[in-house]
1. If I stretch the segment between residue 72 and residue 36 completely, what's the gain in nm (0.36 nm per residue apart, minus their alpha carbon distance), one decimal?
2. So how do 74, 45, 53 line up by other beta-carbon neighbours within 10 Å, fewest first?
Amino acid sequence: MAKKKAVKRKNSPNSGSKEKLPKKWQAAPLKGSFMATAMLGFLISAYWVYPQSFNYGLTFMLVFTLMFIASFISMTKAPAVNERY
């Protein structure tokens, strides 16, 4: 029988390098226009789309509500970004 050769493996990004991975979840900073779009979209969906079509109106209101919640979480949990550059 032939001898097995020792194969040297390269380090993969997941093996042993823990300093590159974030230790904790961080929210991405979102622009203020994202929140404004969420509020305006909800109002338009509630007053214009919902009376025309129940399913589409409810779906759009749900999507814009989730956008507003995401922007609110981003506003409170995201790290401060210096925009002086």
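1. On the way: separation 36, 0.36 × 36 = 12.96 nm, distance 1.12 nm.
So the extension gain works out to 11.8 nm.
2. Values: 74 16, 45 20, 53 11.
Listing 74, 45, 53 from fewest to most nearby Cβ atoms yields 53, 74, 45.
Any read-out appearing in this document is the output of simple, stated calculations on the displayed coordinates, not a laboratory observation. Quick caveat: nothing in here was measured; it's all calculated off a predicted structure. No Cβ is skipped: glycine too gets one built from the backbone with ideal geometry, and neighbour counts run over all protein chains shown.
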